[in-house]
Amino acid sequence: MRFPRLGWPLAAACTVASLAAHAGADDVRRALAARIESQLAAAPVEALPEGAPPAAAANAAPGPSPVEQGKASWTRKFKDGKSLASCYPNGGRRVAASYPLYDSRLKRVVTLEMSINQCLKVHREPLLEATDPQTMGVLTAYLRSLSEGRKVAVRVPAAAEARFEQGRRLYFTRFGQRNYACASCHVQAAGRIYAEQALSGAVGQAARWPFIRGNQAITLQAQIRDCLDRMGAAPFGAGSDEMNDLEYFLTYLSLGQPLKPNTPR
């Protein structure tokens, strides 16, 4: 697969680096949102990245949807009579919009998938692979559907600024044989057409996962790992600090945007 030639202009790169060195998470978010919004406003209407082309939904595999599969797993009784729903307030309703979150005790970012595995661990159930579409994917598809329409409410307290900055640094770092950064496509080239689809802007991406492909629920970290692989880079492990910090940074960029999970792509 060939990728477009995407150079990151030196002036823009220096601006973002300087901003990150002297400003907090909210200033970084506002600056990037303004940049991406101006680029998308200049793009043709048909190029604006609102998910998948219309044909994507028609390509869905037959059978129960990922949300239906996830609901069955969510309400399944454990050996001790509890369920995943019992681990969350209101059975998981209105929870997903606050993840990932910073745990001051652990001094690390905790993702929605980590919280699911923690519940399983407490009840002595087998843990799930963080990016497996058939297990964790369908669970997050259902859990995030319980928060559909709620605005992303991720917080970056002072103690978590270093984790946010690490995520930002990784997002702008060039990786792999193709020497691309995540920002090469989703900041500098946001709104451009590649392979008959628009390159989505970084702002808003984290509000739409899991992404549905062929009736499979693809988590945000699975999508990031796939992108790194296409860049010719060895992907960070799912659930690693690097991947969690990337998700933290990317999700905060969507602060205040309504969740629209399970978008066909």
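The values are calculated or read from the model by the stated rules, or taken from the named source; none is laboratory data. From a predicted model like this one, the values you see are computed outputs, not experimental measurements. All Cβ positions, glycine included, derive from the backbone under ideal geometry; neighbour counts span all protein chains shown.
Could you run through the stretch 128-145 and say how many residues are surrounded by fewer than 20 Cβ atoms within 10 Å (Cβ to Cβ) and closer than 13 Å to Ser73 by Cα? So the count comes out to 3. Filtered by the rule that a residue be part of a loop (DSSP other than H, G, I, E, B) and either on the phi > 0 side of the Ramachandran plot or among the charged types (D, E, K, R) (or both), the stretch 218-265 gives Gly232, Gly239, Gly256, Lys260, Asn262, Arg265. Filtered by the rule that a residue be more than 18 Å from Asp229 (Cα to Cα) and in a helix (DSSP H, G or I), the stretch 168-189 gives Arg168, Arg169, Val187, Gln188. State yes or no: is Gln223 of a type outside the set (A, V, I, L, M, F, W, C), surrounded by fewer than 20 Cβ atoms within 10 Å (Cβ to Cβ) and either in contact with a Lys or Arg (Cβ under 7 Å, 6 or more places away or on another chain) or over 28 Å from Ser145 (Cα atoms) (or both)? For Gln223, the condition - of a type outside the set (A, V, I, L, M, F, W, C), surrounded by fewer than 20 Cβ atoms within 10 Å (Cβ to Cβ) and either in contact with a Lys or Arg (Cβ under 7 Å, 6 or more places away or on another chain) or over 28 Å from Ser145 (Cα atoms) (or both) - is not met.
I need every pair where a residue in the stretch 195-210 that is outside the structural domain of Gly70 (by TED's automatic domain parsing) has its Cβ under 8 Å from the Cβ of a residue that is among the aromatic types (Phe, Trp, Tyr), sequence separation at least 6 or different chains. What qualifies is Ala202/Tyr171.
Okay, residues lined up against (1) closer than 19 Å to Thr135 by Cβ; (2) surrounded by 15 or more Cβ atoms within 10 Å (Cβ to Cβ):
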site	(1), (2)
Asp80	no, no
Ser86	yes, yes
Arg93	no, no
Ala96	yes, yes
Leu101	no, yes
Arg108	no, yes
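Checking the stated criteria, Ile218 turns out not to satisfy the condition of being farther than 27 Å from Asp103 by Cα, in contact with a strand residue (DSSP E or B) (Cβ under 7 Å, 6 or more places away or on another chain) and surrounded by 21 or more Cβ atoms within 10 Å (Cβ to Cβ). If only residues of the stretch 218-261 that are among the polar types (S, T, N, Q) and over 12 Å from the mean Cα position of the chain (by Cα) are counted, the one that is farthest from Ala181 (Cα to Cα) is Gln257. Entry remark, the stretch 110-158: residues being assigned to a loop (DSSP other than H, G, I, E, B) and free of Cβ contacts under 8 Å to residues at least 24 places away in the same chain number 4 in total.
Within the stretch 233-256, residues that are closer than 19 Å to Gly137 by Cα sit with their Cβ atoms under 9 Å from residues that are crowded, with 19+ Cβ neighbours inside 10 Å and acidic (Asp, Glu), at 6+ positions apart or across chains, in these pairs: Ala238/Glu113; Gly239/Glu113. Highlighted here are the helices (runs of 4 or more DSSP H) found entirely within the stretch 10-75 that include at least 2 residues which are modelled with pLDDT under 50: 10-22, 55-58.
All conditions in (1) modelled with pLDDT under 95; (2) in contact with a strand residue (DSSP E or B) (Cβ under 6 Å, 6 or more places away or on another chain); (3) not acidic (Asp, Glu) hold for Pro210, with the sole exception of (1). Of the residues making up the stretch 60-111, those that are more than 20 Å from Ser145 (Cβ to Cβ) and within 23 Å of the chain's Cα centre (by Cα) number 8.
Could you tell me which of the residues Glu148, Glu165 is acidic (Asp, Glu) and surrounded by fewer than 18 Cβ atoms within 10 Å (Cβ to Cβ)? Answer to the check: Glu148.
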